[in-house]
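J.: Take this structure first; my questions come after.
The values are calculated or read from the model by the stated rules, or taken from the named source; none is laboratory data. For clarity, every value in this text was computed on a predicted model and none was experimentally measured. Heads up, the Cβs are rebuilt from the backbone with ideal geometry, glycines too, and the neighbour counts pull from every protein chain shown.
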Amino acid sequence: MTRISKSLQSLADQFLQLHQGPRILLLPNAWDSGSARLYEEAGFAAIGTTSAGIAFSRGLSDGERIAFSEMLTAISQIAASVQIPVTADIEAGFGPTPEAAAESCRAVLGAGAVGVNLEDASRDSARPLVDRTLHSDKVRAAREAAVKEKIHLVINARTDVFLRGVGEPKTRVDEALGRINAYREAGADCLFVPGVSDAETIQRLVQGAGGPVNILGGPGAPSVGDLERLGVRRVSLGSGPMRAGLGLLRRMISELRGPGTWQALEGAIPHAELNTLFGRGPSS
C-alpha cells in the first residue's frame, strides 16, 4: 500500500503547474542520488529519472531488462535525495496489461515520485509499437490508480513512432499525433515524442497535439530557447548525461592505456566540494 503524504501531494501539484508555463520546463534526468543532487544544486525546478541510465549504471541493457524492484529502489533513492519534484521513467509500465501499469504507478507514488513516463514501445521486434488502444488503456488505468490515491500523478505519455522509425517518413507525424492525442484523451498530462530534431516537424507536432509536448534534447536538436519559441512545453535529456559521463570515462581509459597521461581528469569536481554538497543534505 502506498503512503501518500501532504508533501507529496504538494510536489505533484507543483510539478503539474510547471507544465503550464509561462516558461518551458527543462527537465534533466538523473540515474542516481548524486546526479540528482547536482541538478537540484544547479537550481532545476524538477528532475526525471532515466530508465536507461539506471540500467546502464548497473551493467544492464535498457528495455525493462532490470527488475522492477531494482528500478523502484533507484527511483526511491533519487526522490529521497532531493526536495524538488521527481518524475520516474518506467518504460512501458513493467507489464503488458493496464493492470500491471496501474500497479507500477502506485508503486512509483509510494517511492516518492510524482510523475511517470509511459511509452508505447513493444518488446516485439516484429511490432515495434503496441496497439494504440492498449496503450491508451494503460494510461487510463494509471490515471484511475492515482485518483484512488488522491493525488494527481503527472503522466507523460510517450510514443516511439519516430524513435523506432515506424512506417514511411511522410506518415509519421500523423501517426504520432493520432497516438498522443488518444493518450491525452485517456488522461495523459504531457505528450512525449522522442526522436525528432527538425524544427518543422516539431512545430507540426506542437500545433496538432491536444496537450503540452515534450521533446528529447541533445546534439542536433534545437536549443532550449528555440524549442520554447516553437511552443514545446517540456524538454528532457533522457540517458544523454549519463552516457556522456561514460564517454568521458572511456576517453580517460584510452588516455591511461595509451600515453598514460591525465588530461581527461581535468575538470573533475573537487573532492572537498562534493563532500560538502552531499554532507549538508538536499537543498531547502
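J.: Being over 30 Å from residue 122 (Cβ atoms) and of a type in the set (Val, Ile, Thr) narrows it down to one of 54, 66, 24, so name that one. Full working, then the answer.
T.: On the way: 54 fails: over 30 Å from residue 122 (Cβ atoms); 66 fails: over 30 Å from residue 122 (Cβ atoms).
Answer to the check: 24.
J.: Just to be sure I understand, how many residues within segment 127-141 are surrounded by fewer than 22 Cβ atoms within 10 Å (Cβ to Cβ), in contact with a strand residue (DSSP E or B) (Cβ under 7 Å, 6 or more places away or on another chain) and not hydrophobic (A, V, I, L, M, F, W, C)?
T.: 1
Yes/no per residue for (1) in contact with a strand residue (DSSP E or B) (Cβ under 9 Å, 6 or more places away or on another chain); (2) modelled with pLDDT of 95 or more; (3) over 17 Å from residue 194 (Cα atoms):
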{"residue": "224", "(1), (2), (3)": "yes, yes, no"}
{"residue": "233", "(1), (2), (3)": "yes, yes, no"}
{"residue": "236", "(1), (2), (3)": "yes, yes, no"}
{"residue": "240", "(1), (2), (3)": "yes, yes, no"}
{"residue": "257", "(1), (2), (3)": "no, yes, yes"}
{"residue": "260", "(1), (2), (3)": "no, yes, yes"}
{"residue": "267", "(1), (2), (3)": "no, no, yes"}
{"residue": "273", "(1), (2), (3)": "no, yes, yes"}
{"residue": "279", "(1), (2), (3)": "no, no, yes"}
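J.: Filter segment 145-179 down to the residues that are surrounded by fewer than 20 Cβ atoms within 10 Å (Cβ to Cβ) and of a type in the set (S, T, N, Q) and list them by number.
T.: Across segment 145-179, the qualifying residue is only 171.
J.: Let me ask something else about it. Would you check which residues across segment 224-279 are closer than 23 Å to residue 45 by Cα, of a type in the set (Gly, Ala, Ser) and not in a loop (DSSP other than H, G, I, E, B) and list them?
T.: 225, 236, 240, 244, 245, 279
Conditions (1) exposed (fewer than 11 other Cβ atoms within 10 Å of the Cβ); (2) in contact (Cβ under 8 Å) with a residue 12 or more places away in the chain; (3) not small (Gly, Ala, Ser), marked per residue:
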residue: 199; (1), (2), (3): no, yes, no
residue: 204; (1), (2), (3): no, yes, yes
residue: 220; (1), (2), (3): yes, yes, no
residue: 243; (1), (2), (3): no, yes, yes
residue: 260; (1), (2), (3): yes, no, no
residue: 273; (1), (2), (3): yes, no, yes
residue: 277; (1), (2), (3): no, yes, yes
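Yes or no, residue by residue, for (1) of a type in the set (A, V, I, L, M); (2) touching a strand residue (DSSP E or B) at 6+ places or on another chain (Cβ under 8 Å); (3) surrounded by fewer than 23 Cβ atoms within 10 Å (Cβ to Cβ):
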{"residue": "86", "(1), (2), (3)": "yes, yes, no"}
{"residue": "94", "(1), (2), (3)": "no, no, yes"}
{"residue": "107", "(1), (2), (3)": "yes, no, yes"}
{"residue": "116", "(1), (2), (3)": "yes, yes, no"}
{"residue": "125", "(1), (2), (3)": "no, no, yes"}
{"residue": "143", "(1), (2), (3)": "no, yes, yes"}
{"residue": "182", "(1), (2), (3)": "yes, no, yes"}
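J.: A follow-up question, please. Could you list all residues from segment 31-50 that are over 18 Å from residue 118 (Cα atoms) and not in a loop (DSSP other than H, G, I, E, B)?
T.: Those that are over 18 Å from residue 118 (Cα atoms) and not in a loop (DSSP other than H, G, I, E, B): 33, 34, 35, 36, 37, 38, 39, 40, 41.
J.: Let me ask something else about it. Only one of (1) closer than 23 Å to residue 49 by Cβ; (2) in contact with a Lys or Arg (Cβ under 6 Å, 6 or more places away or on another chain) is not met by residue 173, so which one is it?
T.: (1)
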